[in-house]
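J.: Before I ask anything, let me first share the structure, which is written out below as structure tokens.
The values are calculated or read from the model by the stated rules, or taken from the named source; none is laboratory data. Computed from a predicted model, the values in this text were never measured in an experiment. Quick reminder, even Gly has a Cβ in these numbers, built from the backbone with ideal geometry, and neighbours come from all protein chains shown.
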Amino acid sequence: MKLIELILDETMALTGIDAISLVEHPAIEEDFIALKSERVEFAAQDNEKRILMGAALVPNKPIYRVNGEEEFYVYFSQDTIRKASEMFFQKANQNNATLEHEVEINGLTVVESWIIEDEVHDKSKKYGFDLPVGTWMVSMKVNNPEIWDGFVKTGKVKGFSIEGYFVDKMNFAKQEMERIEEQEAALLLSQIVAIIKKDGRKKSGKRMELESYSDYPQAVRSNAKRGIVLNEKNGNKCATPVGKVRAQQLAQGKPVSVETITRMYSYLSRAEEYYDENDTNACGTISYLLWGGLAAKRWAESKLKELGKL
């Protein structure tokens, strides 16, 4: 069954966790506990703190999901969980709570939050939790008698479940790579138009010759060829027309202009974070190879420095 990593799209205002829901069956399969105050001298009985403590997100834990007839698992990395927990408070969402992801409820506030950094000495151990490093723990104050008496004390809700907006890492990488390519293509086109106009004014229609180079290493050609093959195996779904043309150009060892070298270095520097040599089906990896890969980035950087362009 497919396993999908969910990540934050920090370019979108809606990304992140909007609320924490009280649910009967938490997707992370971790129940919360209800805390009580310490016994006070002369007191006849313990007074309830009405605080729930538990895990909101557990790193690398497969969470079953179904969309129509498609079944799959999703998971969150430690880095995504940390960022999401920080953004939750930055957006002042600590008072946002729901019941079973259906009904908004008032009087609930997240009053404590931390990321487990030590499996042995973390505070969560004191309360009987056995959770991995990177887990996001929260304590929620319940100042809503109806929820406390009718759902918490009766066991109708047993844990936390987050709700918010995350994106599929693989699809996000593909879209981001396409966006970068489109930006590069638009910039290149505008520069070519400017050069042609300038050349037309100076040379009265004489043909313009652009300085070009083909001394890039064999590794660049090999990467482009590999990208083409991998893209074909994946139904040619990766890269824009610009990326596919660039791959054919590099695979055939054709010369590239200084402007193209500049675009290559810019694109490969920005898109490097989406390249994963261990995932040859990912569009981030395929698109990167189509542009010549790491070898092309190193060559382009060296050539631009040689030409005094960097």
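J.: Select from region 41-60 the residues that are at pLDDT 90 or above, out of contact with any Gly (no Cβ under 7 Å at 6 or more places or on another chain) and not in a strand (DSSP E or B) and list them in ascending order.
T.: Those that are at pLDDT 90 or above, out of contact with any Gly (no Cβ under 7 Å at 6 or more places or on another chain) and not in a strand (DSSP E or B): Val58, Asn60.
J.: Filtering region 62-77 down to residues that are within 13 Å of Leu6 (Cβ to Cβ) and either within 16 Å of the chain's Cα centre (by Cα) or not in a loop (DSSP other than H, G, I, E, B) (or both), which residue is modelled with the lowest pLDDT?
T.: Arg65
J.: Does Leu131 count as buried (at least 17 other Cβ atoms within 10 Å of the Cβ) and at pLDDT 95 or above?
T.: Considered against the rule, which asks whether it is buried (at least 17 other Cβ atoms within 10 Å of the Cβ) and at pLDDT 95 or above, Leu131 comes out as no.
J.: Taking only region 215-236 into account, find how many residues are out of contact with any helix residue (DSSP H, G or I) (no Cβ under 7 Å at 6 or more places or on another chain) and either under 18 Å from Ala282 (Cβ atoms) or surrounded by fewer than 13 Cβ atoms within 10 Å (Cβ to Cβ) (or both).
T.: 7
J.: How many residues, within region 208-234, are within 19 Å of Asp276 (Cα to Cα) and of a type in the set (Gly, Ala, Ser)?
T.: 4
J.: Okay, moving on. Scanning region 253-310 for residues that are β-branched (Val, Ile, Thr) and over 23 Å from Glu211 (Cα atoms), which turns out surrounded by the most Cβ atoms within 10 Å (Cβ to Cβ)?
T.: Ile286
J.: Please go through region 89-103 and pick out each residue that is touching a residue at least 60 places away in the same chain (Cβ under 8 Å) and either aliphatic (A, V, I, L, M) or over 14 Å from Gly159 (Cβ atoms) (or both).
T.: Lys91, Asn93, Asn96, Ala97, Leu99
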